[in-house]
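Asker: Would you mind keeping the following structure in view while I ask a few things?
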Amino acid sequence: MLHTVQNYKRFMAGLGIASLMTLSLAAPAFAADSATATVTAGTRTASYADLAIAAVTYSHTAQTTASQNMTLTADDSTGSGLGWNVTVQSSAFAYTGDNGGTSIPALNFVLGTPGTPAVTVGQAIDATGGPKAGVGGALDATKKVISANAGFG
């Protein structure tokens, strides 16, 4: 009879282990069909690069330097979709020196026509929504050089 009780216990233990293994294999079937993730918004930034203003020889007459180029990069990682503008403005270049020179007024610093925006990453460019080039002109007043309407850029 002892042998039968031991076989019965082994059988029940084996049945229990088999049941647990079956349940562990079936557990993923009971998992939820959704997942939640949090996306943290970034910031808006604008930066420029590759701008070099050519040197000029000192003179008592007005001078114009050759055109210079710069690269402006705008990044809207906020995820808000509210749109944005990048503006530029200059102050006067203040003269400092011993021989009585004059400052260069901001009106004398001029931005040419901004080039066509190019996508580096992110949304494609839309002709009506943006990003789109702004205007050039004297930098004594704020000039919008690139912008994107709400839902673009």
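The values are calculated or read from the model by the stated rules, or taken from the named source; none is laboratory data. Computed from a predicted structure; not experimentally measured. Glycine also receives a Cβ, built like all others from the backbone with ideal geometry; neighbour counts cover every protein chain displayed. Side chains are part of the model used for accessible areas, which takes the heavy atoms of the whole protein and leaves out ligands, DNA and RNA. Shrake-Rupley method; radii C 1.70, N 1.55, O 1.52, S 1.80 Å.
Asker: I need the full set of residues from the stretch 110-148 which are open to solvent by 70 Å² or more (accessible area, probe 1.4 Å), of a type outside the set (Val, Ile, Thr) and at pLDDT 85 or above, in order please.
Answerer: Asp140, Lys144
Asker: Going by the conditions given, is Leu82 loosely packed, with under 14 Cβ neighbours inside 10 Å and more than 30 Å from Thr38 (Cβ to Cβ)? So that I can check it myself, show each step before the final result.
Answerer: Values: loosely packed, with under 14 Cβ neighbours inside 10 Å: yes; more than 30 Å from Thr38 (Cβ to Cβ): no.
No: the conditions fail for Leu82.
Asker: Taking the stretch 89-109, which residues are closer than 18 Å to Lys144 by Cα and open to solvent by less than 70 Å² (accessible area, probe 1.4 Å)?
Answerer: Answer for the stretch 89-109, where residues must be closer than 18 Å to Lys144 by Cα and open to solvent by less than 70 Å² (accessible area, probe 1.4 Å): Ser90, Ala106, Phe109.
Asker: Pairs only if they're at least six apart or on different chains, beta carbon under 7 angstrom, first in the stretch 39-63 and on the phi < 0 side of the Ramachandran plot, second aromatic (Phe, Trp, Tyr) and surrounded by 10 or more Cβ atoms within 10 Å (Cβ to Cβ); list them, first residue then second.
Answerer: Matching pairs, first to second residue: Arg44/Trp84.
Asker: OK, next. Among the residues of the stretch 57-65, is there at least one that is surrounded by 10 or more Cβ atoms within 10 Å (Cβ to Cβ) and of a type in the set (A, V, I, L, M, F, W, C)?
Answerer: no
Asker: Out of Gly101, Gly115, Gly153, which single residue is part of a loop (DSSP other than H, G, I, E, B) and in contact with a Gly (Cβ under 6 Å, 6 or more places away or on another chain)?
Answerer: From the options Gly101, Gly115, Gly153, the qualifying one is Gly153.
Asker: Restricting the first residue to the stretch 81-101 and requiring it to be within 17 Å of Tyr48 (Cα to Cα) and modelled with pLDDT of 90 or more, which pairs with a second residue that is of a type in the set (Phe, Trp, Tyr) and part of a loop (DSSP other than H, G, I, E, B) meet a Cβ separation below 8 Å and a spacing of at least six or different chains?
Answerer: Filtered contacts from the stretch 81-101: Ser90/Phe109.
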